[in-house]
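Below is one structure; the comments refer to it alone.
Please treat every number below as a calculation from the coordinates, not as lab data. These numbers come from a predicted model, not from an experiment. Because the Cβ atoms are built from the backbone with ideal geometry, glycine has one as well, and the counts that use them run over all protein chains shown.
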Amino acid sequence: MSNAPVKKVPIHLQSSQNRLLIKNGRVVNDDGMEDADVYIEDGIIKQVGRNLIIPGGTRTIDATGKLVMPGGIDPHTHFELEMMGAKTVDDFYKGTRAAVAGGTTTIIDFVLPQKGQSLIEAYNNWRQKADGKVCCDYALHVGVTWWSPSVKKEMEQLTSEQYGVNSFKMFMAYKDVWMMNDYDLCCAMETCADLKALAQVHAENGSIIARNCEKLLAAGVRGPDAHQLSRDEELEAEAVNRACVIANQAKSPLYVVHVMSKSAVQALQIARTRQKLPVYGETLAATVGTDGTHYKNSCFRHAAAHVLSPPLRPDPSTPQAIAEALADDHLQLIGSDNCTFHEKDKELGKDDFTKIPNGVNGVEDRMAILWQKAVNTGVMDPCRFVAVTSSNAARIFNLWPQKGRVEAGSDADVVVWDPRLQRTISAATHHHGVDFNIFEGQDVVGSPQYVIVNGRVCLDDGELRVAEGYGKFLKTPVNSPYVYGAPPAAAPEPEPVSPAIHTPSRVTNGNTPSPDLKVLNKQLDGMSVTSSGCSTPTGRKMRDPGQRDLQNSTFSISKEVEGLDTKTSVRVRNPPGGKSSGLW
């Protein structure tokens, strides 16, 4: 497939794309599932239901046996970022092209000013880089990498209608580059609270990391494995706790980016018992899909390609524990932190691990990896999958219900997901600009078959047809009702994050692992319909005690998924209260 960009074609000239009917699928939102058709016109979802009356000249996609879900929202990408003497391979065209291929239809990138640089100047630079290249919609977070009265004033300007930014990221690591001290962190978080914006933190103890790096280099430990030795999970957990304390003192909500360890999850759980305002935790596809054992690989290229901060953890039970935390709402979102570098750039740290540019891929495989690791194993149901890959981000960053929802009036960002589609992840077939994939060789069952971006079919039965510059910039208004709305629900006592790994029975086909098909049937078919005509999702986890055991039943994926009941159209209840805390 050619990597040459396709130039933007006005939607009104794409007559076959202007009207679209997705028929016979099962619509999955974060609060429930229903058998329904979806009619799209002029980039907007116009109708959801059965027996729809639609105009002639409408293209029809048959979604029999498929799930129809909101397009993914990746809340954490770094496209066209310059750091550590290198520039990321995935620019805004290549990065959003890869995103769309994997089912993500909105990304939120980070404007990262250098110390002393104007935040608005950096914002304008990012807009200039992105606007003409993006294949899907995008929004921006802005980094606060230094502090002064002028920074505070620019934060106020950025939250205005003119710029449309509602989130600011502070670093507790990268000493002498982006890191801020606790006093400046407190000032920045207080400003976020005053502006009704959301404070974000990269939580690691940067001062101790810097000292550890000095000691490792002095001892002659210089390879990629030293990266994770210099910043173990204790330093992440300490910083998470400290960030929560500072946010509580500043009376500010908090969003912790890329939570990478069980210790950090536990710190978040404990903090929620005392926080006055919501605390959200984001993890990464890399955290769920692989682990830190790769740092010991004798091949520098392989080991360095896995270097990111915080690092992947060597504890092999971490991926399962993080998937469980997402399912149990101890973490609320999954991003990619997509930040890819060429092999020659990673080699800048060949003799000094501190000079390896930090970053991995993930924007393309984020959704398929989570589906394989959490839905196919029975850890998470499809509704929760939609919540953590799309709907929660839409709510938190005030894009709801324009994004994150398959509903009349929402943007036509839709994924037709085939839960039986089998493929092997590889750098040879992915759509990134980089020639390495940290999930190389992993088999996944479940991927998008069609991806619709603002009404345009951009992944068409597996064929990618993106257009450079088709996406638009999304302003994210401050004072998100989800973040600053009702007081958070009382948090339960923290529970330990279990490293236990479920081992469901498997159905295999050749060398490719298949999902636990009976569990998936249970997820797709196990809704409880009440006399009021409502239905509820089957639950965040699919292996709760008391549910009937389908392991010895005669359920069939072909019967249950292909044979969706086309006569049933059930609406679902809204999620329970406590939205502002993210703990529902």
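Here is how the numbers come out for the structure above:
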{"quantity": "Nearby aspartates and glutamates by direct alpha-carbon distance to residue 129 (threshold 17 angstrom, same-chain neighbours under 8 apart not counted)", "calculated": "80, 82, 90, 91, 109, 121, 137, 468"}
{"quantity": "Low-density loop cleavage sites - trypsin sites (Lys or Arg not before Pro) in the range 44-126, where at most 12 other Cβ are within 10 Å (DSSP)", "calculated": "115"}
{"quantity": "Which listed pairs, of 175/262; 133/346; 94/276; 94/403, have C-alpha distances above 31 Å, in listed order", "calculated": "94/276"}
{"quantity": "Karplus (6.51, -1.76, 1.60) ³J(HN,Hα), θ = phi - 60°, over the range 45-59, in Hz, Gly and Pro reported as x", "calculated": "6, 9, 9, 9, x, 10, 6, 6, 9, 10, x, x, x, 8, 6"}
{"quantity": "Top positive-direction residue, dipole computed over the range 283-330 with Cβ charges, set 297, 323, 284", "calculated": "297"}
{"quantity": "Most to least packed among 368-375, 283-290 [average Cβ atoms within 10 Å]", "calculated": "283-290, 368-375"}
{"quantity": "Calculated FRET value between residue 114 and residue 276, using beta carbons and R₀ = 30 Å, to 0.05", "calculated": "0.35"}
{"quantity": "Cα gyration tensor, the range 94-238 - rounded (a/c under 1.5), prolate or oblate", "calculated": "oblate"}
{"quantity": "Nonlocal amide H pairs with residue 47, under 5 Å, H built at 1.01 Å", "calculated": "39"}
{"quantity": "Highest to lowest packing among 335-341, 169-175, 304-310, 473-479, scored as the average C-beta count within 10 Å", "calculated": "335-341, 304-310, 169-175, 473-479"}
{"quantity": "Proximal aspartates and glutamates relative to residue 23, as straight alpha-carbon distance under 12 Å, when same-chain residues fewer than 8 apart are discounted", "calculated": "35, 37, 62"}
{"quantity": "Distance from the range 236-253 to the range 101-117 (C-alpha centre basis), Å", "calculated": "23 Å"}
{"quantity": "Segment residue 408-residue 131, length gained on full extension (0.36 nm per residue, minus Cα span)", "calculated": "97.0 nm"}
{"quantity": "Computed E for residue 352/residue 181 - FRET, C-beta separation, R0 22 angstrom, nearest 0.05", "calculated": "0.30"}
{"quantity": "Cα centroid separation, the range 436-485 to the range 128-183 (Å)", "calculated": "23 Å"}
{"quantity": "The range 270-285 - phi-based ³J(HN,Hα) in whole Hz, Karplus 6.51/-1.76/1.60, Gly and Pro as x", "calculated": "5, 4, 5, 6, 10, 5, 7, 10, x, 10, 10, x, 10, 10, 10, 4"}
{"quantity": "Residues with amide H under 5 Å from that of residue 449, placed H, sequence gap 5 or more", "calculated": "416, 417, 418"}
{"quantity": "Peptides ranked, highest mean first, by Cβ atoms within 10 Å: ranges 189-198, 132-141", "calculated": "132-141, 189-198"}
